[in-house]
Structure formats: C-alpha cells, structure tokens
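This report refers to the structure that appears directly beneath it.
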Amino acid sequence: MIQILTTILLFIFSYVFYVVYKNSNFSTSKLNLPPGSYGWPFFGESLALLQAGRDGVPERFVQERIKKHGSPLVFKTSILGDRMAVFCGPAGNKFLFGNENKLVGAWWPISVRKIFGKCLLTTRGNEAKWMRKMLLSYLGPDAFASHYAATMDVVTRSHIENHWRGKEEVNVYKTIRLYAFELVCRLFLSLEELNHIAKLGSLFDVFLNGVIELPIDFPGTRFNRSKKAAAAIRTELMILIKARRVALEEGKASSSQDLLSHLLTSSDECGRYLTEWEIANNILLLLFAGHDTSTCSITLIMKRLGEHPNVYDKVLNEQLEICKTKEAGETLKWEDIQKMKYTWNVVSEVMRLTTPVMGSFREALVDFEYAGYTIPKGWKLYWSIASTHRDEGNFVDMEKFDPSRFEGAGPTPYTYVPFGGGPRMCLGKEFSRVEVLVFIHNIVTNFKWDLLIPDEKIVYDPMAIPEKGLPVRLHSRHV
Ligand code: HEM
C-alpha cells in the first residue's frame, strides 16, 4: 500500500517539478552554461550516479559525461534534486578548494541539511570557521599528540580480544563497524556500557541508510526512517549532555575526559559557548562522519593486504620493528604512529583506488566564469574524488596497486584528495589516520587472513564496501 501511494505521489511530484523546471529554463537559457543534460525531471541524473557506484565504477558517471559532452573541465547535470555543475579533475579541485567563501561555499543536499540541523556541515562563513575551531581544538593533531593514540590502542586491543580472538571466520565489515562505533562512543561520550552502545548503534544503522537519499518524506521511506532515527539519537544525546553538565558542576566529570566535556566547557576568546542543541547536532555529525568512513577504509585495507601477501609482510615488518621498542603490554604512543610510514603509504594507495567517499559539494555564492562557461549564483557544484583518483592522466597504470606512488613528494597536488581540501577539508583526517594505523598495527601483529571470496566486488552505496562485507578466515600469528 505504502509503495503504491509513494509511486502515485512520486508521479505527481515529477510532473510538478517538470513544469517548474521547464519554465525555469527560460531564466538561464541565455547564459553560456557548461554543456550537459539535466536528465529526468525530479530524478535528474541521480540514478546514473548512484548506479555507477553500485556497479563498482564510481568514476564512470563523470568520465562518460566528459566524453559525451566534449568538455573535460566542467559539465552540467542534475543530481539529488538540484541542478549542478560538475568540476572535473585536479583543475576543478584546485579551483573549488581555493575559492571557498569567495566564489563558492560549502553545501550539502537537502536530505543532509534536514537531518543534521544547525551544525558545522550546514553552516558557512564566520560561523563555520568558529565551529571548526571549537571542534578542531579537540580533534586536531595537537590534541592527538598528547593522549589519543594510547586510548585508541586500549580500545582496539579489547575489541580484538572480544571479536576476533578464537574465531575461525569473521565478516570484516560488520565487525569493524562495531569497533568504529564503540571507539567514537568512548572517545566522544565516554560511553562504555555495551548495551547502551548497541542501542545507539542500531539507531545509527537506520540513520545512515537514508542520509544521502532523495528527500522523499513519507512513512516507510529510507529518508523518513533516517530522520526519525536522527531525532531519537538527538534525544539520547540531550540526556547525556544534561547529565554531564550536572556532573561537571559537581566535580564528578573532568573537562578533558572526552569531546562532550570539551564542548561543554570550551568557549572562544569572546566567551561564546556552543548551545546544547549545537553540541548535540555536532556530535551527531561527528559520530556519522567518523563511523562509516573509517569502517570502509579499514575493511578495504584488509582486503588489499589479503590480496597482496608481499605488502602484508612489509607492513608486518614495520609494525614488528615498533613492537621491539616497547615493553610487553605497553600501549602505542604518538611517536610510534609517526614511524608507520610504509603502512600509511599502503593506506593512501587503498584510498586512492577505492576512495571511501565518492565526492562532495559546494554552492556558487555569486555568478562566475569557469573554463569559459558561466556558473550562475545559487548553482550547486559537485567534485568527484573517485574520478580524479581513477584517471590514467593523473596516475600512470591507474589500476595497479602500488604504495610506492606515495614515497617522496607523492602524487601531483590536487590529484589525490580523499579528505577534500581547502578550508572545508575533512575535520577528522588526523583522527582517522591514528584510528586506522592503530587498528592495522594490532590486526597484523595478531593475525594473517585468507579472503573467502576472491576478487570480491566493491560497491559504493554510497560508501565503498565489499559486496558481501569481506568474509575472511583467520590464522593467529601466536600459535
Ligand atoms: C577515512 C576516513 C575519512 C575520509 C575518507 C573522509 C572524507 C571526507 C571528505 C571527502 C569530506 C568533504 C571535504 C570537502 O568537501 O572538501 C569530509 C568532511 C568532513 N569529515 Fe571526514 N573523512 C573521514 C573520516 C572522518 C572522521 C573520522 C571524522 C570525525 C571524527 C570526520 C569528520 C568530518 C567532518 C566534520 C567534515 C565536514 C567538514 C566541514 O564541513 O568543514 N571525517 N570528510
């Protein structure tokens, strides 16, 4: 019944959008817009973009259109309900990253804006600068230098004891999801009670499924379920925030114990604090941003290490060298992370070939010219990580897995952009670097593994994951 109703309403919407869309073409028809097609009314070319990801070739969407429209730098399309100019390759990335807050500003599709409310992702200009500063004072490299590597190591060891040790077979994606979520719950909120984490985790699964979706808001749709799950998580967060405020006032919690305490007790130089809603929304954002991205990258790294035993051996040797410098049971420190150079090159090559995030968005703040075309104010802009990384023009022998590409000066600027760039570059880059390296250290020093599905296909929905979640057979290194 719901499906029939949804189909009828979709039809009506499509028709209304088609009429509005046809008429609105008159206002831009005299401009020298980039070549391209808006595709179907309402859906635009969203389905082609999503399908390319689901087929495991996320670069196809951009590369096919560059060829079809004969315009290598920019083309127009319509995705997720908005008209868009797609900026292609390193030149497009450089232009967008270098013109933040001048010609372009951060922007996310309406599904994202509706679900997250006011937080870093949905603000720009000075407000965003201020929020980034507040969050980076906890998440940036300076904060990590002092204490996070050790805490991450402790959580990772206990995760391995509980979920890997003694098992013959493990589904890597499903298991790492638990790990990544437990880690952020502990580091951001000091949550340790596993039932509480599991309850939040199941709400998160529903929430994540509908964030990057067409915003069709009827009972039963992915977007609607995601919105409800976000509201339930926010309610939980507000309870935690209020309880923590009391604990801080009574001296029963410390201001440096986690992200939540940090945000409740930190103000800017003018004495301005984040409101409780802003704290809840930003924590929701960080739990979201830090959850699936790290899960995907760790899963994909384990896939490549399983496929390339020689690379596994080199990573293992680097990690064993670090073990030699430590007492039995001593946790990893920041200085140890700095020594993991080869391992980081491997991680980088995995993220080049299979970027966890396909691309990101901006909005034109004014009319401007790019590559000889007019980009009208208000147009949405998309830049594609996948098609930049998977381009023979940027990486010779593009399909080849070769960590040595990252030795020395590494790739040419703007060709390798898994974390974006400019003032809106990923805020969790340092966090995820430490998280991924600490995990790899622990997994390779404990296990070797065989992939149970050789050449398992990677699909993007919307993030990169092996189709069956990467089942592996484990072999303990300590028998
Ligand atoms: C392998 C892991 C990760 C990858 C590949 C990744 C990738 C990205 C990308 C591509 C963007 C958009 C950047 C742009 O538009 O220029 C982004 C933004 C962001 N990421 Fe990450 N991310 C990762 C992990 C994390 C983690 C662990 C966190 C938080 C703990 C995080 C928090 C954020 C936030 C808050 C933003 C929005 C920044 C802003 O709008 O100013 N990310 N990330």
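The values are calculated or read from the model by the stated rules, or taken from the named source; none is laboratory data. The model shown is predicted, which means the values in this text are computed figures rather than measured ones. Using ideal geometry, Cβ is built from the backbone for each residue, glycine included, and neighbour counts are taken over all protein chains shown. Surface areas here come from the heavy atoms of the whole protein model, side chains and all, with no ligands, DNA or RNA. Shrake-Rupley method; radii C 1.70, N 1.55, O 1.52, S 1.80 Å.
Data table
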{"quantity": "Mean shadow area of the chain, taken as a quarter of the surface of its Cα convex hull (nm²)", "calculated": "24.4"}
{"quantity": "Kyte-Doolittle mean at least 0.0 and Cα axial length at least 24 Å: DSSP H helices in the chain", "calculated": "2-28, 172-189, 276-307, 429-446"}
{"quantity": "With DNA, RNA and ligands ignored, accessible area of residue 370 (1.4 Å probe; Å², nearest 10)", "calculated": "20"}
{"quantity": "Pairwise FRET efficiency - residue 225 versus residue 392, Cβ, R0 = 45 Å, nearest 0.05", "calculated": "0.65"}
{"quantity": "Accessible surface, per residue, of the chain when the full set of protein chains is kept, probe 1.4 Å, Å²", "calculated": "44"}
{"quantity": "Amide H partners (placed H, <5 Å) of residue 79, local residues excluded", "calculated": "45, 84"}
{"quantity": "Theoretical gain in end-to-end length, residue 162 to residue 450 [0.36 nm per residue, Cα-Cα removed]", "calculated": "101.6 nm"}
{"quantity": "Spatially proximal aspartates and glutamates relative to residue 326 (Cα-Cα < 16 Å; intrachain offsets below 8 disregarded)", "calculated": "153, 318, 335, 336"}
{"quantity": "Spherically averaged projected area of the stretch 289-399 from its Cα convex hull (nm²)", "calculated": "10.4"}
{"quantity": "Cα-Cα separations in the stretch 167-238 greater than 20 Å, expressed as whole percent", "calculated": "39"}
{"quantity": "Stretchable slack from residue 310 to residue 272, in nm (0.36 nm times residue separation minus alpha-carbon distance)", "calculated": "8.4 nm"}
{"quantity": "Spread of Cα-to-Cα distances over 5 Å intervals beginning at zero, given as percent, for the stretch 55-210", "calculated": "1, 6, 10, 12, 14, 14, 14, 12, 9, 5, 1, 0"}
{"quantity": "Approximate shape of the stretch 179-309 as ellipsoid semi-axes (Cα gyration tensor, √5λ), whole Å, largest first", "calculated": "28, 21, 14"}
{"quantity": "Residue order for 270, 296, 426 - accessible surface, 1.4 angstrom probe, largest first", "calculated": "270, 426, 296"}
{"quantity": "Solvent-accessible area of residue 132 with every protein chain in place, 1.4 Å probe, in Å² to the nearest 10", "calculated": "40"}
{"quantity": "Loop-located GluC sites (Glu not before Pro) in the stretch 291-359 whose Cβ has at most 13 other Cβ within 10 Å (DSSP)", "calculated": "327, 330"}
{"quantity": "The stretch 322-454 - Kirkwood radius from inverse mean 1/r over Cα pairs (Å)", "calculated": "17.7"}
